[in-house]
1. Please give the number of the condition residue 77 fails out of (1) of a type in the set (A, V, I, L, M); (2) farther than 24 Å from residue 183 by Cβ; (3) in contact with an Asp or Glu (Cβ under 6 Å, 6 or more places away or on another chain); (4) touching a residue at least 24 places away in the same chain (Cβ under 8 Å).
2. Could you check how many residues of segment 64-91 are at negative phi, part of a strand (DSSP E or B) and either within 17 Å of the chain's Cα centre (by Cα) or surrounded by fewer than 18 Cβ atoms within 10 Å (Cβ to Cβ) (or both)?
3. Please go through segment 24-43 and pick out each residue that is surrounded by 15 or more Cβ atoms within 10 Å (Cβ to Cβ) and in contact (Cβ under 8 Å) with a residue 60 or more places away in the chain.
4. Answer with yes or no whether residue 57 is out of contact with any Cys (no Cβ under 6 Å at 6 or more places or on another chain), at pLDDT 95 or above, part of a strand (DSSP E or B) and surrounded by fewer than 22 Cβ atoms within 10 Å (Cβ to Cβ).
5. Looking at segment 121-178 only, could you name the residues that are hydrophobic (A, V, I, L, M, F, W, C), in a strand (DSSP E or B) and either over 16 Å from residue 56 (Cα atoms) or modelled with pLDDT of 70 or more (or both)?
6. Does residue 86 qualify as being in contact with a strand residue (DSSP E or B) (Cβ under 7 Å, 6 or more places away or on another chain) and free of Cβ contacts under 8 Å to residues at least 60 places away in the same chain?
7. If I filter segment 98-114 down to residues being within 22 Å of residue 37 (Cβ to Cβ) and at pLDDT below 90, which single residue comes out as farthest from the chain's Cα centre (by Cα)?
8. Six or more apart or on different chains, Cβ under 7 Å: which pairs go from a residue in segment 44-61 that's touching a residue at least 12 places away in the same chain (Cβ under 8 Å) and of a type in the set (Ser, Thr, Tyr) to one that's surrounded by fewer than 24 Cβ atoms within 10 Å (Cβ to Cβ) and part of a loop (DSSP other than H, G, I, E, B)? Could you list them?
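The values are calculated or read from the model by the stated rules, or taken from the named source; none is laboratory data. In this text the structure is predicted, and so the values were computed from the model without any measurement. Counting neighbours? That spans all protein chains shown, and the Cβs are built from the backbone with ideal geometry, glycine included.
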Amino acid sequence: MKKMLTAILLVLIGTLQLANAEAKEVLDLQVKNTIQAFNAKVPGAEAFLNNTQGYLVIPNVYKAGFIVGGSYGEGALLVKTAEKKPDGKPVFKIADYYSILSASIGFQAGAQKQSLIIAFLTPHALQSFQSSNKWKVGVDGSIAIFNVGGTIDLSTVDFKKSIVAFAFGNQGLMAGISLDGSVFTKLKK
C-alpha cells in the first residue's frame, strides 16, 4: 500500500511540474503582474517590499491531492541592488529562478492555485537562501506565513521572523497553506 501511495505521489508531482514549466519570458511577465497585484491588493505592500533585501515571487503554486498530495510552482528571486529609481526607491532585479515542490500524505482532497511572495528581511536570510541549490523549509530556515486579506498595512507590521511568506489569489477548493517540508530548488532558465 505504501509503495502504491508513493507511486501515485510521484506521478502527481511529475504532472504538476510538466503543467507548470514556464518559459523565462512568460515567467518574468507573470512575476511582474503578481507584484503589481500584491501591491494593489495589500495596503503598504510596496513600502514593505522596498524595505526587504529581496523577495521570491511564485505567481502560480498549484496544489492537488486526494489523500496523497503535492504542490509545485516556479518563480523568480528579486534582489535589491545599489541602484535607485528617480523617486529614490530601490531597484530590484531578478537574481535567480526557483521552483517550490512539496508532497504530503493525509486527509486532503481538492485542488487550488495561489500566488506566493516570500520576503527576505535580513541579509543573512537572503544569503542563506541564495547559497543553497536546495533549500528546505523547517531544515534550512523557517518562514512565517501571512495570509493576505483585511486592512492591515504591511508597512506598519513588525515581523519577528527574518523570512515572511504571503499567500494570496487563492482559487480552488483546498483551504490553508503550509510550507513545512517544501523544497526550493534553483532553476536554469
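1. (2)
2. So the count comes out to 18.
3. If the condition is that a residue be surrounded by 15 or more Cβ atoms within 10 Å (Cβ to Cβ) and in contact (Cβ under 8 Å) with a residue 60 or more places away in the chain, then 27, 28, 31, 34, 35, 37, 38, 42, 43 are the ones that fit.
4. Judged against the criteria, residue 57 is not a match.
5. 135, 144, 145, 146, 163, 164, 165, 166, 167, 168
6. no
7. 111
8. What qualifies is 52/121.
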